[in-house]
Amino acid sequence: MTESARDLARKLLAGNSSGSAAAAPPTQQVRPVAQSRPHRGPGRQFADHPDVAAAVQKRAMIASLYEQTRLVNPLFLPRTGPNDTVIHVAEPRLADVDLVNFSAYNYLGLANHPRVVEGAKRALDQFGASASASRIVAGEIPLYQELERRLADIYGVGDAMVTTSGYLTNAGVIGFLLRQGDVAICDTLIHGSVISGTQWSGARRISFRHNDPESLRSVLRTSRAGFDRALVVLEGHYSMDGTIGRIDELAAIAREYDCAVMVDEAHSFAVFGDKGHGIREHYGLPGDAVDVWMATLSKALGSTGGFVAADADLIGAMKSSAPGVAMLTGAPAPAAIGAALAALDVLEEEPERLARLWANARLFHGALSERGVNLGVSQGTPIVPVVVPGEIRAGYVSSTLLENGVYSGLISSPAVPAGRERLRFFITSEHTEEQLTKTVDLLTETIAQAEKIPDITVDG
């Protein structure tokens, strides 16, 4: 293990708390805590933690509001089957009904496709429910290498590495690649997993305006000389806003300033491009236009986990030395790999799924636009945010839709800024035209009702 890997491993295992006794060097003396501290007692050590206390208070207030209004709380709604276009929920207030579902990342309907399920079952039967250890010490299952070769070929790069988690892929890879003295230059709408990675690494993080090439150029012009390595981090398809990353322009500017580039394709792989090969295919970029391509298996591919694709030496180093991504974690479950391989087969053999996906996205986005619904800065992709300012108003819209047979995710602060609350509609290839048009009618009517509600914020 390299020294940088050891350092990061210590940070991960110590919770990245440099002031804790576990993280302190042997020669460092830990000062005793003042005797005036409160006595918290067993099991209550974090009850007064500011974030915990605020979350508990906010959840109680939300639960009380739903109880008083008799509306159905759309959060943590229990369902009894796969996360399909129509889901069955076990909620007494909904009279045991089926819901048209817009809350799944199941863009191509592959999560419950018979071939994908069968691929998972075959791997489960042959290799068991778990890899039970990291690949470097437990021996290789051929399925992993087969999937990695196919992903590397799709991106036109030397190798790929599958991981147990998309979030951990971003955080762990950035934590491995950067260190103090380096910088990550991120789009302002970058995913929280990237922010976690920069915190773990100790590198500086600087933001530029969303999808703005000139803002990136300005940031690099004024700051690049102050750092050793610089990594520009972008997304192919921004999940809160439904915008398309301007990868071609932004990557070219990064190269002018000798920066590496990493692209998060969680919501664009198997969604963009004529073959579903992602944002690289969408823009016709060579594989080396970007240094690290990242995506998930858990969205359009209908499996679970993440992956990175890059230069073979870089991937080899990550496989052997990257804490939290490969070295200190078990391999993904064999069933997840079997499912992903089958999903790639379906993606290749059924291109009509992509065509239906984008036709549905255009229909839904266009119909809402014609009605004057606030869709933010979205660009007609399969992610359609419907902005309903105010938590109470947004909650009312979500619950009313739910009671009328439509399920859509409710997003409020801190995930989005206060006043920019929204419902997110994830369009899939399996939605029918009737489902889409009826939802447009219901949504338009419900938003008009919500606008009459006073703007009250649920504070934590």
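The values are calculated or read from the model by the stated rules, or taken from the named source; none is laboratory data. For clarity, every value in this text was computed on a predicted model and none was experimentally measured. Neighbour counts run over all protein chains shown; Cβ positions are idealised from the backbone, glycine included. The area values use the complete protein model at the heavy-atom level, side chains included, leaving out ligands, DNA and RNA. Shrake-Rupley method; radii C 1.70, N 1.55, O 1.52, S 1.80 Å.
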(message) Can you tally the net charge around residue 311? Count Lys and Arg as +1, Asp and Glu as -1, for every other residue whose Cβ sits under 11 Å from the Cβ of residue 311.
(response) -4
(message) Quick check: the distance between the Cα centres of the stretch 139-197 and the stretch 329-387, to the nearest angstrom?
(response) 21
(request) Please turn the phi angles of the stretch 269-274 into ³J(HN,Hα) values with the Karplus equation 6.51 cos²θ - 1.76 cosθ + 1.60 (θ = phi - 60°), one per residue in order, whole Hz, x for glycine and proline. (result) 6, 6, 10, 9, x, 4
(request) Please label the shape of the stretch 77-215 as rounded, prolate or oblate, based on the square roots a ≥ b ≥ c of the eigenvalues of the alpha-carbon gyration tensor (a/c under 1.5 means rounded; beyond that, a/b larger than b/c means prolate, else oblate). (result) oblate
(message) I'd like the carbon and sulfur percentage of the solvent accessible area for the stretch 165-206, probe radius 1.4 Å, heavy atoms only, ligands and nucleic acids excluded.
(response) 48
(request) Name the lysines eligible as straight-distance cross-link partners of residue 299: C-alpha to C-alpha under 17 Å, and not fewer than 8 places from it in the same chain. (result) 275
(message) Keeping every protein chain present and rolling a 1.4 Å probe, give me the accessible area per residue for the chain in Å².
(response) 46
(request) With an 8 Å cut-off on Cα pairs and a minimum separation of 6 or more residues, tell me the relative contact order of the stretch 257-359 in percent. (result) 22
(message) Among 394, 425, 407, whose Cα projects farthest towards the positive end of the dipole of the stretch 393-437, with charges put on the beta-carbon of Lys, Arg (+1) and Asp, Glu (-1)?
(response) 394
(message) Given an 8 Å cut-off on Cα distances and at least 6 residues of separation, report the relative contact order of the stretch 155-207 as a percent.
(response) 41
(request) Mind giving me the nanometre distance, one decimal, between the label points for residue 75 and residue 229, set 7 Å out from Cα along Cα→Cβ? (result) 3.9
(message) Ignoring GluC sites (Glu not before Pro) that are buried or in helix or strand per DSSP, and keeping those with at most 16 other beta carbon atoms within 10 Å, what is the longest stretch of the chain between them?
(response) 141-450
(message) In the chain, once you exclude exposed chymotrypsin sites (Phe, Trp or Tyr not before Pro) (DSSP loop, at most 15 other Cβ within 10 angstrom), what's the longest stretch remaining?
(response) 77-460
(request) DSSP loop (so not H, G, I, E, B), at most 10 other Cβ within 10 Å: list which trypsin sites (Lys or Arg not before Pro) in the stretch 387-460 pass both filters. (result) 452
(request) Counting only C-alpha contacts under 8 Å and six or more residues apart, can you give the relative contact order of the chain as a whole percent? (result) 20
(request) Anything in the chain that counts as a DSSP H helix reaching 24 Å or more along its axis (C-alpha) with Kyte-Doolittle mean of at least 0.0? List them, would you? (result) 50-69
